[in-house]
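Asks: For reference, the structure I am asking about is given below.
The values are calculated or read from the model by the stated rules, or taken from the named source; none is laboratory data. All of these numbers come straight from a predicted model, not from anything done at the bench. Backbone-built Cβ (ideal geometry, glycine too); neighbour counts: all protein chains shown.
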Amino acid sequence: MTKYRNIFILIAVLIAICLIPTTLIAEETVKELKERIIDIQNKGELGFRNFTRCENIITYGSYVQATDNKVKAGTKLLFYYEPENVFTNRRGKTFQIWYTQDLIVKDADGEELLNSPDLLNFNYQTITPVLDLYATNSLDLGNLPPGKYEFIAVIHDKLKKTSARMSYVFEIVPAEAMVEKK
């Protein structure tokens, strides 16, 4: 019985010795891939990915997209987006991402009704890189009358000193019109 136990222990030790280098290689490979992704993002153009008007936002990549650009008067607009190619600064063993977002609303004549610079300020430092970012915007339409409007989001990469903008044209309709539509 002792002979079989010793053989079992020997086999277990040999398997463990073989798995340790494999695990270390896999961890190093993941680290190298993350570094390559950061290099690609840092060289890429800042922008917006999946800029979407939503009915509901759950989390990263999970939201209920609105079916059209018509919004009931007095309600809220809800947007989801993923900032693309935000610069990651490497400092020793830390990583930093820093971007801000402005929000602008214009009426059909191009008159600026709202301008909120740096409405969002995301300055994050960590010991592991952040590769997947998302942001949400909520805009209370308040007493804006029915008509066409433009929602403009502008992101500023504070470390790379670049900006990108995205716009969405929407129409505020009377509450009664939205009820009749259904």
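Asks: Which fully enclosed strands (runs of 3 or more DSSP E) of the range 32-92 have 2 or more residues being within 21 Å of residue 168 (Cα to Cα) and in contact (Cβ under 8 Å) with a residue 12 or more places away in the chain?
Replies: 47-59, 62-65, 70-72, 76-84
Asks: Sort out which residues of the range 159-175 are in a strand (DSSP E or B) and either of a type in the set (Gly, Ala, Ser) or outside the structural domain of residue 71 (by TED's automatic domain parsing) (or both), and write them in order of number.
Replies: Across the range 159-175, the qualifying residues are 163, 164, 167.
Asks: Consider residue 74 carefully, then state whether it is surrounded by fewer than 17 Cβ atoms within 10 Å (Cβ to Cβ), at pLDDT below 95 and under 18 Å from residue 53 (Cα atoms).
Replies: When the stated conditions are applied, residue 74 passes them.
Asks: Filter the range 113-139 for residues that are more than 18 Å from residue 62 (Cα to Cα), not in a strand (DSSP E or B) and not aliphatic (A, V, I, L, M) and give the result.
Replies: Residues satisfying the conditions are 128, 129.
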